[in-house]
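Step one of this worksheet: look at the structure below.
What follows is calculated from the coordinates using simple rules that are stated; it is not laboratory data. Everything quoted here is computed from the prediction, not taken from an experiment. All Cβ positions, even for glycine, are placed from backbone atoms using ideal geometry, and neighbour counts span all protein chains on display.
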Amino acid sequence: MNTSPKYRSQDLRKARCSIPGAYYHIVIVTHRRQPILANDNAAPIIFKTFDWLETQNRLEWTCIMVMPDHVHTVIKLEEGQTLAKMLHSLKRFSAREINKHLSQSGPFWQKGYTDWNIRTETRLNDTLRYCYMNPVRKRLVERAREYPYWRCKYEMDW
């Protein structure tokens with residue numbers, strides 16, 4: 001008999017908190033995991049959206065990795081912001097712009113997101129390395145530096 005507890009997504013959301021000034025690793029996924037992001041049309045819109053949120057003092061981005069069907073990002077949440085409100089703005093704006101560019105409509109992002117609070121510099125470095133190496137793990141490129149849909153405010157030399 002399995003006695004381990006069963007977790008549902010709503011149970012995980014109960015413990016979610018938004019701490020201004022804290023770093024987070026966030027993953028958002030396209031609707032039905034459609035592989036439509038990692039290209040010269042969609043990726044720049046994702047980058048532009050993060051830049052816009054930064055100029056609005058909603059977040060400070062550290063890295064953004066646009067994969068074909070999901071985005072990894074490391075951000076620092078700014079004062080007065082919550083993850084939910086900031087990600088709602090990010091998803092809404094980017095979905096509208098990408099759908100318009102692709103001449104399509106309907107759902108673009110899956111509901112929700114996954115987030116991890118980053119509490120130490122070691123964990124921050126490990127997370128940046130994980131994001132940077134993701135295209136290699138997914139066999140999109142042989143060397144991470146070959147992947148074009150990546151931005152980081154730090155020099156990566158792994």
task: Determine, for each peptide in 134-143, 67-76, the mean count of other beta carbons within 10 angstrom over its residues, then list the peptides with the highest first.
output: 67-76, 134-143
- line: Heads up, the stretch 28-121 by the C-alpha gyration tensor (a ≥ b ≥ c square roots of eigenvalues; a/c under 1.5 rounded, else a/b over b/c prolate, else oblate) looks prolate
field: Cut-off 16 Å, label 7 Å out along Cα→Cβ of Val141, residues of the stretch 45-68 by amide N
entry: 47, 63-68
Segments 110-119, 43-52 sorted - mean Cβ within 10 Å per residue, highest first: 43-52, 110-119
message: Looking at the calculated P(r) for the stretch 96-158, what percent of the C-alpha pair distances fall above 17 Å?
response: 59 percent
task: Decide, for the chain, between rounded, prolate and oblate: order the square roots of the alpha carbon gyration tensor eigenvalues as a ≥ b ≥ c, take rounded if a/c falls under 1.5, and otherwise choose prolate if a/b is larger than b/c, else oblate.
output: rounded
task: Based on the mean of other Cβ atoms within 10 Å per residue, sort peptides 55-62, 99-106 so the most packed one is first.
output: 55-62, 99-106
task: Give the cross-link partners of Lys111 among the aspartates and glutamates, using a straight C-alpha distance below 13 Å as the criterion and excluding same-chain residues fewer than 8 apart.
output: none
